[in-house]
Structures are given as structure tokens and as C-alpha cells.
1. Out of all DSSP beta bridges with both ends in the protein assembly as shown, state the antiparallel percent to the nearest 5.
2. Near B:Lys3, which lysines are there with a Cα under 16 Å away, not counting those fewer than 8 places off in the same chain?
3. Read phi for every residue in region A:495-509 and hand back ³J(HN,Hα) as whole Hz from Karplus 6.51 cos²θ - 1.76 cosθ + 1.60, θ = phi - 60°, with x for Gly and Pro.
4. Considering Cα pairs under 8 angstrom that are at least six residues apart, work out the relative contact order of chain A and quote it in whole percent.
5. With +1 on the Cβ of every Lys and Arg and -1 on the Cβ of every Asp and Glu, and nothing else charged, how large is the dipole of chain A about its Cα centre, in debye rounded to the nearest 20?
6. Taking N as the number of residues in chain A, what is its alpha-carbon radius of gyration divided by 2.2 N^0.38 Å?
7. For the cross-link pairs A:Lys10/A:Lys197; A:Lys375/A:Lys555; A:Lys438/A:Lys464; A:Lys157/B:Lys123; A:Lys502/B:Lys100, which exceed 20 Å when the distance is taken from alpha carbon to alpha carbon?
8. Output the 0 to 90 degree angle, nearest 10, between the alpha-carbon long axis of helix A:477-494 and the longest principal axis computed from the alpha carbons of chain A.
Amino acid sequence: MADISVTIHKHDVVIVGAGGAGLRAALEASKGVNTAVISEVFPTRSHTVAAQGGVAASLSNVEPDDWVWHMFDTIKGSDYLGDQDAIEFMCRMAPEVVIELEHMGMPFSRLQNGKIFQRRFGGHTKDFGKEAVQRTCAAADRTGHAMLHTLYEQCVKNQVVFYNEFYALELLKNEDHVVGVLAWDIANGGFHIFHAKATMFATGGYVRVYKTNSNAHINTGDGLALTLRAGFPVEDLEFVQFHPTGIYGVGNLITEGVRGEGGYLLNKDGERFMKRYAPTVWDLASRDVVSRAMAEEMRQGRGCGPEGDHMLLKLDHIGAGIIHERLPGIWELAYVFAHVDCTKEPIPVTPTAHYSMGGIPTNLSAEVVLGGMDKPEEPVKGFYAAGEAACASVHGANRLGSNSLLDIMVFGKVGGQHMAQFAQSLPEHVPLPENPGKRGIEEVTSLLNGTAGETMGAVWDELKESMEANCGVFRTEETLAKQRAVLQKLCDRYKKVGIADKGLAFNLDLIETLELGHMLDYSKAIVEGALARQESRGAHYRDDYPKRDDEKWHKHSLAYMEEDGSIRLDYKPVRMKPLTVPTFEPKERVY
Amino acid sequence: MLKTVTFSVFRYDPEKDKKPYYKDYKVELRRPGMMVLDGLNQIRWEQDGTLAYRRSCREGVCGSDGLNINGVNMLACITHIKDLKDPIVVQPLPSMPVIKDLVVDFTDFYRKYYLVKPYLITKTPPPSDRERLQSPEDRKKLDGLYECILCACCSTSCPSFWADPDYLGPAALLKAWRFIADTRDEGADERLQIINDRDGAWRCHTILNCVEACPKQLNPTEAIAELKKTIIHRKF
């Protein structure tokens, strides 16, 4: 094959990913400096578009609320693993970023008095856990769609530069400075180097490694693998959120907003079992608690259907009027994917892998940071991350519903501001290293020139199935050790994977094969983190260590990838000191 | 043995093929509720890795996988295989240049979307510390408009869009009306100037293909009628 061309582009700021975090960052950075966004898909096709229920902010539009209550709920929801300075920062900034979205034109649903509509959501309470509060700001059940389109519209208005359908291959650094990324032009083929003063990964989450999941095809956690390969750590990857209400059989999401509007879960006896697991808020406990309760009911033989392998989500009693007005997307999804008219019958649901709490470690400025138990955090020059790809850590061991859309707005905005400032402070670009992108270019050319041995599809199937079986809602030493061995075998097989498509134009075979390589890399970090963590906290539940162990495990995991592909673990303390209020000390979590 | 259906898929690789052709694949129905996208994935992952198409959310909200299936534009990810006549003929969206197989070039479609100024235009500054107010009744005017996913199923089903390369098309016009109908927007004048053109709203001949094609049950023809009414009202 002839040499494939390499084109070099120069921008002050380069953002990889055009979901909510990437676009919010782009809007901010482009005010001050030359900014470009690289995206695997056209921006409005990014997965933020699928977010349903809403974005949390203590606007007090319906009833009195307070950012400190929001902060407490988020810390408790995180099972005390979230960093309290970051959580305070996010919850205080929430009203501001939501109001900005309204000003940009986001079509929020409205209350009678014309203010933004707010609904109840799991884990969000008033007065430090007394009862559920209406805090989640929504555009019907299409909040993510409304948000992503609004942000993209603003980017169009402000003439942000986009490179759509470009796929990132390698994070480029010159000594200790990140200087951009190497990417592949999906539509035409060809390598592109984006040389930047500041580079942000807003590359989304990683739960496509699970067979049953709520995520888009593109959510293959590419940014995490590229970060690991560049020698930087990833944080808390063992914390994978299983959302309680995925549609049975396919995993597509049914928003928690259904329960926020008064829907509830039933077991095969028609019992509202959540009252036994969360005596105060029942079905509105946080997601890890509800998912585990459902799994426990099924283990004890109280699941529904001939196999006893799902539960029922009842909402017909809310009334067809409210369902069509506030939950129209859910009605559609249930009808299309479960053949259920949810104004008349319950929706069959099971927990579905949904969200990555872990990610690239960042601080309050969305700078990527290095650190350890005794090493203070220190930013990597020129490298930023935001959104699901990052770990600020505002979600700790379990994220509250409607805090993810908030996370992407807050840290997208702040990251954009800081990147612009940083870029302005550098008189010139730090030069590219010698042979920039060598590794990424070789990876692609060897696939294009290689011969097909093993196929991508078979390896991927086994990855998804084994991760679900061995590293899912419940985990033990035995299942995790088994998964470690499975991954080793899959990585060996991956080395022999070849692609059938050798063309340059829209080579999906190439992209999916590269994605699989990324997934294998960080799956090892998920499993190693989970195997080492001998406790149960938030979404990480070890049957063999069912209690939280603050003495030994109140700390963040960090995973590094060694030259040979193996994972080395390190740890760092939880930042317990908030910015202005007293620390919330760890307590037992009861909902 | 599992029941199979035949997918007859449009194939074209610009680097190899002089002209497009159709290739037949057998797709096994392994579980109830399989969608056309599941069928395409089965082909790609198990039979023929060279097949190219776009897809992402696989639940009808990202708008990536608009295709022409048995002659009608729809989203592959929310179209049940069992509802279709066998063999299932899968083609790219009509009238767009083909990049490869089922992947078409959206440049012209997006250009027309940008032309209608698809963003809130305001002159009055918003309140500094709170949201603008909007009554639920006014907000309701956006239902059926804001949900557009830019899949292009509507525009590429429209004979006027096929015939007139400059026609803005139903998707862009629906987007224009989404903003003009928004009580917060103050950009109607500049938008209507663009739309009051032979290649704008007036090129719509109410053929209604767009309404039938929309996978989100939106009604671009009605939005275009509203645009026409507004233009006339402003004149007299």
C-alpha cells in the first residue's frame, strides 16, 4: 500500500469529543483563542443526545432547595468517595450553568409560573435526606437532546471549527507537555496531526464493554486507552454504574424520571419491594442501591417472567396525560423495544450498565492531574479532561441521576476557560516530538496491510459477555480472577486480529477494531481495580467483602499501564475538605 | 434451525467498484425484537467486515442511521425486521452522494441547516440571575419541532429536494420554524428573508413524503405551511 498522507493542523485549543462537555468547553475556549473540536460523529449524534431525565440544580423553582443539600446528597450518593471540594464547586455552580442553557435557547419544560420545570430524581433530597426534592431541571424526557442541540447551535452561531468524523489514535506529548492528538479521517482516510497548546479529552464513557448496556456504539472509552498508552493514570475505573431500569432484553434506558414522576418497581408477587431496601425514599434511592435490590430479589426467586430474570416498572397510574406530556420518549422506547403501551401495562426492566464513574483524573480546573498517597496533585501541562471521560471526582463510587448533565456543563465550561487562559499564557506552541504519532500510524498501517487471522467480532463478543458475567453488579475474588485470565487470553488473540476492509473511505472495520483494542486496555484497569478493592462501596459490590471499609479503602484507585500492557495500581487520598463548608464525614448510607 | 431473512444490501466502494451493486446476506433471527441495525451488525461482525454504515445510539435519538429500507426512508435502529417484507432491500438515503456502501455525504444537508440560522437569536438581554420566563402554553408550541434529530429521512424523501439542488428542504425549514415559533426568539425577520424565496418555503408543493418519512412523527409540511402563512401575514 502507498504511503498514507499526514496533514498537520495547528490550533490553540483542541477538544476531542463533541458531546455536552466538549461543546460547552468549545463555546468557552473559542471566545478567547483559536479552538477546534474533533469528533468521531457529527456533534448532535454524540451520546449526550440520549440523556433523558434532566440536569440537577437547586433553583428552588418548585420548593425550597439549597446547594448544600445537593452537595450532601452527591457526597452520600458517592458513598463518600467523591472529592468534597469538587462536589461543592459543582453544586454551587449548578444554577448558573442551567440558567445559561436557558439563555442559549434550550427548550426546557415550564411550570405554570413560566420558570424551568423541575422533577424528583433518585437520591436528591431536602434537608440532608429528609424527603425527596424536585431538583432535576428537564425538557420533558429529552433533556440531553435539547441540551446537545442547543450547545451545537451556539457553536454554529459562534463559528467554532469542527473536524467531524475524525477518530483519535494517539495523544501526543513532548517530554512532559501534551501537544495535541493524532487522528484518522474516517470519511476519506488519512492521518491528521492536531498540534495544540491545550488538548482536552471529552471522549465519553466506557460501558460498551458490557453486553447489556444503555450506551451508544461510540461509547468505547477511547480517551481512557489513549491516556493509559501515553503513560498517564486513570482513576476509579472499577466503579461502573448499573442503572436499575434498562429495557429487559436490550438494555436501553428508561429514565429514573419515571420513578421521579411517581412510577415504581414491582416483583413477581406485585410487591413494592424497594420499601424493604430504602424505607424513607423507596424507589428513589440511589441507583446502586436500587439495582442491587433488584438483583437480590431475582436471586431470591422473586423476579418476574418464566425465567424470573426481570422486574416490572409500573407507571400507568400516573395517567396517560402526564406520560405523554412529560415522558413521551419513554412511551416511544417502551413501545418500540418492549411492545408495551406503558399507559396501560408495566415495562419489563433489568439493571443495565450505564455510566462510568471512573476516568482521567482531573482537578477543579479540569486539568489532568498526577498524584499519589503522599504526592500532592500536580497538573499535566496542556492536558485537560471533562465529562464522563474524566474523574473530578464528583461522583465517587456512585453517581446520582441528573448529576452527569451537570458535571459536563460545569467542567466543560471551566475547562474551556482554563484552556483559553493557558493557551494565551504560552507565547508559542511547544514543538511536536520527533516522529509525531508514530505509534498510532503504525497501528493503523499494520491493520490495513496485515492479513486477516482472528476476527474482531468474536473477540468482542467474548469480552462483553465475560465482563458482564464476572465484573458486573456482584463480584467476587473468584469471578474477578477468572476475568483477569480471560482478558489476558483476549489480549493475546487481539494481537492476531485482522481486518477484512483494506480501503481508506469510511472503513468501519478499522475503527471498530481499534475500538476493541482500546476496550481491552482499560478493561484490565477495571478488573485490576475491582480485584484489589476488598470492600463494597457504591457501585462496586463484592459478595466476599460486603461492607464498606473506610480504614483500608477510603481512597481513589489509580491505574497505570506498563510497557508490556500490564496494569500497575496506585492510590491517592479522597479530598475531604470542601471549599467553604465543613466536611461531611463518612456515615452509613441509608435511604 | 433459526429462521433467516435475506438482506439485499447496496454496496459501493469508490476505491474498487466502477458502479454500485447489491449483495445478499442471510440474517438469523436470534431473538424477538431484532431491528434492521441488529441485522446489519450481524452481517458486519460475522460475515462481511467490509460493509460500511453509520450508527450510534441504536435507539432513534442520534439520527445516524437513516436508510432507505424496502423503498422507504427510516431509521435502521428502530425498524423491526419482522415488520418488513423479505427480502429486505437496504439502500442509502436517496439523492445524496455515496461515500461508501450505505454512508452518504451530508455536506449539502448540513449547509442548508446552517443557512436558516439554526440558533436562538435575541436582542433583548436575558435577566442576569434567572431564566427567561415562558408559559407552558408557549413552550407547547415547540413540541413537534424541537425533537428533530437531523437524520435527513424527510429531506431525502422529498421530490422537490431531489429536483432542486438549492431547495432548503423540510428539515431546515422545520428547524427555522422551531425558532420562529419560540416566544424567546427575535430573529424572525432575518430568517424569513432567507426563507421567502423560490428555493425556500415556496418550493414545498405539499407532497407530504416528509411527514410519512419522519421517524419522530414530526410534521415538516405543517411547519412549512406556518412559515408561508407568517410570510403572507407580514406582507399585508
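1. For the protein assembly as shown, the DSSP antiparallel bridge percentage is about 70.
2. Candidates past the 8-residue exclusion: B:Lys26, B:Lys82, B:Lys85.
3. Rounded to whole hertz, the list is 4, 9, 5, x, 10, 7, 8, 10, x, 9, 6, 5, 8, 5, 4.
4. Contact order relative to length: 22 percent.
5. 900 debye
6. It is 0.91.
7. A:Lys438/A:Lys464
8. Helix A:477-494 sits roughly 30 degrees off the main axis of chain A.
The values are calculated or read from the model by the stated rules, or taken from the named source; none is laboratory data. Since the structure is predicted, the reported quantities are computational estimates derived from the model, not experimental observations. Quick reminder, even Gly has a Cβ in these numbers, built from the backbone with ideal geometry, and neighbours come from all protein chains shown. Areas reflect the complete protein model, heavy atoms only, side chains present, ligands, DNA and RNA absent. Shrake-Rupley method; radii C 1.70, N 1.55, O 1.52, S 1.80 Å.
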